[in-house]
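What follows is a set of notes on a single structure, which appears directly below.
The values are calculated or read from the model by the stated rules, or taken from the named source; none is laboratory data. All values derive from a computational prediction rather than experimental measurement. Note that we place each Cβ from the backbone using ideal geometry, even for glycine, and neighbour counts take in every protein chain shown.
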Amino acid sequence: MDSVPEQYRRTDRSPPVTTAPLTDRSTLVAARATELSKIYGQGETQVVALDQVSIDFRQAELTAIMGPSGSGKSTLMHCVAGLDSFSSGSVRIGETELGTLKDKQLTKLRRDKIGFIFQAFNLLPTLTALENITLPMDIAGRKPDKQWLDSVIGMIGLSGRLGHRPAQLSGGQQQRVAVARALASRPEIIFGDEPTGNLDSRSGAEVLGFLRNSVRELGQTVVMVTHDPVAAAYADRVVFLADGRIVDELYGPTADSVLDRMKRFDAKGRTS
Ligand SMILES: Nc1ncnc2c1ncn2[C@@H]1O[C@H](COP(=O)(O)OP(=O)(O)OP(=O)(O)O)[C@@H](O)[C@H]1O
Ligand SMILES: [Mg+2]
């Protein structure tokens, strides 16, 4: 990681894990949901997708969100990222309460402070890799921090292919471009909904390694949804959702320990 300029390097490699009360950790929090609920529909057809979820996403930490299909993972991510409205509770990105923002301010916040990585890479086919990476900033009329951009590009390891169009890149390479695009503006937090869901295991490992490096070496904060215990093992912390609630949390996960927790929930589900 010699390509990372000094000012962007992290000195403390492992994020502090603390049991202090929420309020004492506020300076380390990139995003926070407090008693967040999201209810779809009304009456008989009502679905409680999120049920009073409180969670902190701490700076320079990679969090994986896991849980069965329909447990509320995407809903949680969309509500915290300001992509979807919520029914009650509050969400904070940095020091900004999302509930206080008007639509325009919310759009600006999403653009300036949040990075997104989707399962489908969403790269524009007519632009080169490099043009895709800088596109959000070009649209926003912002100049990229050249040193930062160089370190991001150095890290994705595509230097010989920056002039290639997406169709000329492998799936893993395309997704690395999408990750670089999310990182390019140095957002406060990056959200990925199954960012490696469409990749084979080798390409997935490349992208996950890159995401983890961005957390370890550049101090980026990343939250990703995944169904895969191997992918979750790249995270610093795994949060388990079931029926719109957080039911467990695991620090320093391994694929085995994640799988073990998943089995426990399955067993609970069957016996209850
Ligand atoms: N637009 C919507 N209208 C009504 N119900 C919805 C809507 N979006 C999601 N839901 C419901 O909310 C619950 C949570 O959905 P969500 O998409 O967050 O699940 P998920 O954990 O991401 O699942 P998956 O792993 O399948 O992606 C589900 O019961 C789903 O049916
Ligand atoms: Mg989902």
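Please tell me if residue 130 is within 28 Å of residue 73 (Cβ to Cβ), at pLDDT 90 or above, more than 17 Å from the chain's Cα centre (by Cα) and aliphatic (A, V, I, L, M). Taking the combined requirement at face value, the residue does not satisfy it. Looking at 101, 83, 76, just one residue is surrounded by fewer than 19 Cβ atoms within 10 Å (Cβ to Cβ), within 16 Å of ligand 1 (Cβ to nearest atom) and not charged (D, E, K, R), and that residue is 83. Does residue 135 fit the bill of being assigned to a helix (DSSP H, G or I), surrounded by fewer than 18 Cβ atoms within 10 Å (Cβ to Cβ) and in contact with a Leu (Cβ under 9 Å, 6 or more places away or on another chain)? When the stated conditions are applied, residue 135 passes them. In this entry, residue 217 is excluded by the filter for residues that are charged (D, E, K, R), without any contact (Cβ under 8 Å) to a residue 40 or more places away in the chain, away from ligand 2 (no atom under 16 Å from the Cβ) and out of contact with any Pro (no Cβ under 9 Å at 6 or more places or on another chain).
Applying a threshold of 7 Å to beta carbon distances and a minimum spacing of six or more residues, or different chains, the list of pairs starting in the stretch 37-52 at a residue that is in contact (Cβ under 8 Å) with a residue 24 or more places away in the chain and at positive phi and ending at one that is among the acidic types (Asp, Glu) and surrounded by 10 or more Cβ atoms within 10 Å (Cβ to Cβ) reads 52/35. Please find, within the stretch 229-243, the residue that is nearest to residue 59 (Cα to Cα) out of those that are within 16 Å of ligand 1 (Cβ to nearest atom) and surrounded by fewer than 20 Cβ atoms within 10 Å (Cβ to Cβ). The selected residue is 242.
Of the residues making up the stretch 141-156, those that are touching a residue at least 40 places away in the same chain (Cβ under 8 Å) and surrounded by fewer than 17 Cβ atoms within 10 Å (Cβ to Cβ) are 142, 145, 147, 150, 154. Name the single residue, out of those in the stretch 196-228 being in a helix (DSSP H, G or I) and of a type in the set (S, T, N, Q), that is surrounded by the most Cβ atoms within 10 Å (Cβ to Cβ). The selected residue is 214.
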